[in-house]
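The values are calculated or read from the model by the stated rules, or taken from the named source; none is laboratory data. Quantities reported herein were computed from a predicted structural model and do not represent experimental measurements. Every residue, glycine as well, gets a Cβ built from its backbone with ideal geometry; the counts of neighbours run over all protein chains shown. Remember, those area values only see protein heavy atoms, side chains included, never the ligands or the DNA or RNA. Shrake-Rupley method; radii C 1.70, N 1.55, O 1.52, S 1.80 Å.
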Amino acid sequence: MKSGRATRREFVKASAVGAAGLALVNPGSVYATPANDALALGIIGCGGRGNAVGRALVAAGARVVALHDLFDDRLAETRERFDKMAEEKGQPRIADALLFKGPEAYRELLAAPVDAVLITSPPYFHPEHFEAAVEARKHCYLEKPVATDVQGARRVESAGRKGAGKVSMAVGFQSHFAEPYQEMVRRIHAGAIGELVCAQTYYYADDLKRKATPGMPALEARVRNWVFDRVLSGDILVEQNIHVLDIVNWVLRAHPLSAVGTGGKKARLDVDTWDHYNVTYTYPHGVHVSFNSTQFKGSYDSKTQRFFGTKGYAEASFGKGGVRIVGEDPWEAVVEEGLKDSVARKAAAFIENVRTGNLLNEVAGGVESTLTAILGRTAAYEGEERTWDKVAGSNARWKEKLDLRSLATGRRTS
Ligand SMILES: NC(=O)c1ccc[n+]([C@@H]2O[C@H](COP(=O)([O-])OP(=O)(O)OC[C@H]3O[C@@H](n4cnc5c(N)ncnc54)[C@H](O)[C@@H]3O)[C@@H](O)[C@H]2O)c1
């Protein structure tokens, strides 16, 4: 494994291996390849999600050829996983020269022979990584949220405009690919619950695992525990709860006009992020949406959306609660879990769209959902009603700019 740069010789060698065995694309061209060629994928941020979505993309026809992370253990574990999958398929292992470590090394991954990148780094880095990936003309699967502040969301929006029609750009909201959700939304839009009156949505969740260990340098500990850091994650509302707000925007075909909110820390005091939020959003036509969330040990666990209309209501849960419409035009999706297979379906759609040239562009929706979450967070942090126009139009950004340079010279790779 290389710390930082691969040497020119190693890079050329790896490129030659790639050129012989993989479906490659010249930077600047729109990828098109016969259906039996594997899409060459690079992963930026090799954690839980990078491995999970990476697996789904491999199952759908990609081959992981390059990895980028800040830490040796993440690169090693991820490499082992994808090498094993490659061996099972009779494909070559990831070349040493295509393992990239260090805050700037994602640029080298983007210069390597990869057709597409999966961006699963912490949200703070998404604008930087996405901009560079689009600039390098790579198809992108960018995890949500697209950013942690307004300025970052606008950077992603503008990069999305540059990439439109040139590369496929997916944003990690898998619910749109869950069949029960698709059918529920189709029925609501067709009038199954009448005129929408109000809605309720919540994301109640348990605590998350601490990934920093005792004795770790402070910056490394902060990055490992990014999910508990407001600047790096955007706080629980933007980082995690955003899924349910994204679904509200999808159903209402709009973003909220304003929000009032509260929240804070009461149960989980050892980290920076809040442990609960209560926000009321006002959407066009006076539709009020109540949103609640928790994230602490022992909390009730449920992720639900409920839409109340003049002819009935629709409700859906990510887990076992089911998806249904109750009222004058009832319907029940007979499913074990609302979101079952949604990641696999999204991954398959991503690969298929790249193959056929029917490029996916989910950037505008991803930006709108991120700004929706930031609006609720701002209203709650500031304890006053905040409008979409003011918050989304503010270009606000976190004051702090993270400097990762001291990590680059950290522990040596094997
Ligand atoms: N769609 C979903 O349901 C879903 C589920 C989980 C996570 N996510 C999203 O996926 C992303 C990653 O989450 P995760 O759970 O995999 O976190 P994680 O901590 O498990 O993984 C993040 C990885 O990124 C690496 N990293 C940190 N800073 C980096 C940088 N500057 N450059 C490159 N790599 C860096 C870390 O070392 C780590 O390996 C987040 O945006 C998260 O919100 C989405």
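What pairs can you find where one residue is in the stretch 341-353 and within 14 Å of Leu41 (Cβ to Cβ), the other is within 13 Å of the ligand (Cβ to nearest atom) and open to solvent by less than 30 Å² (accessible area, probe 1.4 Å), and their Cβ atoms are less than 6 Å apart, with a gap of 6+ or different chains?
Ala347/Ala56; Phe350/Tyr141; Phe350/Ala170
Out of the residues in the stretch 34-71 that are more than 11 Å from the ligand (Cβ to nearest atom) and of a type in the set (Lys, Arg), state the one that is surrounded by the fewest Cβ atoms within 10 Å (Cβ to Cβ).
The selected residue is Arg55.
Can you tell me which residues in the stretch 223-245 are charged (D, E, K, R) and either more than 10 Å from the ligand (Cβ to nearest atom) or open to solvent by less than 10 Å² (accessible area, probe 1.4 Å) (or both)? Walk me through how you get there before you give the answer.
So in the stretch 223-245, the residues charged (D, E, K, R) come out as 224, 229-230, 235, 239.
If the condition is that a residue be charged (D, E, K, R) and either more than 10 Å from the ligand (Cβ to nearest atom) or open to solvent by less than 10 Å² (accessible area, probe 1.4 Å) (or both), then Asp229, Arg230, Asp235 are the ones that fit.
Kindly indicate the residue of the stretch 55-71 that is farther than 17 Å from Arg355 by Cβ and not in a strand (DSSP E or B) and also nearest to the chain's Cα centre (by Cα) among those meeting that condition.
Arg55
For the stretch 135-156, enumerate the residues that are out of contact with any strand residue (DSSP E or B) (no Cβ under 9 Å at 6 or more places or on another chain) and outside any loop (DSSP other than H, G, I, E, B).
Across the stretch 135-156, the qualifying residues are Glu135, Val150, Gln151, Gly152, Ala153, Arg154, Arg155.
State which residue pairs qualify: first residue at positive phi and open to solvent by 10 Å² or more (accessible area, probe 1.4 Å) and inside the stretch 142-167, second residue more than 10 Å from the ligand (Cβ to nearest atom) and not in a helix (DSSP H, G or I) in any location, beta carbons under 9 Å apart, and separation of 6 or more residues or different chains.
Filtered contacts from the stretch 142-167: Gly165/Val30; Gly165/Leu359; Gly165/Asn361.
Restricting attention to the stretch 168-201, report how many residues are open to solvent by less than 40 Å² (accessible area, probe 1.4 Å) and part of a helix (DSSP H, G or I).
So the count comes out to 8.
Could you list, in sequence order, the residues of the stretch 105-128 that are open to solvent by 10 Å² or more (accessible area, probe 1.4 Å), closer than 22 Å to Asp229 by Cα and either assigned to a helix (DSSP H, G or I) or in contact with a Pro (Cβ under 7 Å, 6 or more places away or on another chain) (or both)?
Tyr124, Phe125, Glu128 - these are the residues of the stretch 105-128 that are open to solvent by 10 Å² or more (accessible area, probe 1.4 Å), closer than 22 Å to Asp229 by Cα and either assigned to a helix (DSSP H, G or I) or in contact with a Pro (Cβ under 7 Å, 6 or more places away or on another chain) (or both).
Residue check, Ser158 against (1) polar (S, T, N, Q); (2) away from the ligand (no atom under 16 Å from the Cβ); (3) more than 18 Å from the chain's Cα centre (by Cα), all met but one. Which one?
If we test Ser158 against (1) polar (S, T, N, Q); (2) away from the ligand (no atom under 16 Å from the Cβ); (3) more than 18 Å from the chain's Cα centre (by Cα), just (3) comes out false.
Looking at Ala259, Ala316, which is the one that is farther than 21 Å from Gly376 by Cα, in contact (Cβ under 8 Å) with a residue 40 or more places away in the chain and outside any helix (DSSP H, G or I)?
On the way: Ala259 fails: farther than 21 Å from Gly376 by Cα.
From the options Ala259, Ala316, the qualifying one is Ala316.
Might you check whether a residue that is closer than 25 Å to Gly152 by Cα, β-branched (Val, Ile, Thr) and within 12 Å of the ligand (Cβ to nearest atom) occurs anywhere in the stretch 105-118?
yes
Which one of Val12, Val25, Val30, Val17 is more than 18 Å from Val223 (Cβ to Cβ), at pLDDT below 95, surrounded by 21 or more Cβ atoms within 10 Å (Cβ to Cβ) and more than 21 Å from the chain's Cα centre (by Cα)? Quick ask: steps written out before the conclusion?
Working: Val12 fails: surrounded by 21 or more Cβ atoms within 10 Å (Cβ to Cβ); Val30 fails: surrounded by 21 or more Cβ atoms within 10 Å (Cβ to Cβ); Val17 fails: surrounded by 21 or more Cβ atoms within 10 Å (Cβ to Cβ).
Step by step, each of Val12, Val25, Val30, Val17 is checked, and only Val25 is more than 18 Å from Val223 (Cβ to Cβ), at pLDDT below 95, surrounded by 21 or more Cβ atoms within 10 Å (Cβ to Cβ) and more than 21 Å from the chain's Cα centre (by Cα).
Just for helices (runs of 4 or more DSSP H) wholly inside the stretch 336-414: which have at least 1 residues that are crowded, with 23+ Cβ neighbours inside 10 Å and within 16 Å of the ligand (Cβ to nearest atom)? Quick ask: steps written out before the conclusion?
Working: elements: 342-356, 363-382, 388-392, 405-408.
Passing ranges, in order: 342-356, 363-382.
Regarding the stretch 285-305, can at least one residue be identified that is acidic (Asp, Glu), assigned to a strand (DSSP E or B) and out of contact with any His (no Cβ under 7 Å at 6 or more places or on another chain)?
Among the residues of the stretch 285-305, not one is acidic (Asp, Glu), assigned to a strand (DSSP E or B) and out of contact with any His (no Cβ under 7 Å at 6 or more places or on another chain), which makes the answer no.
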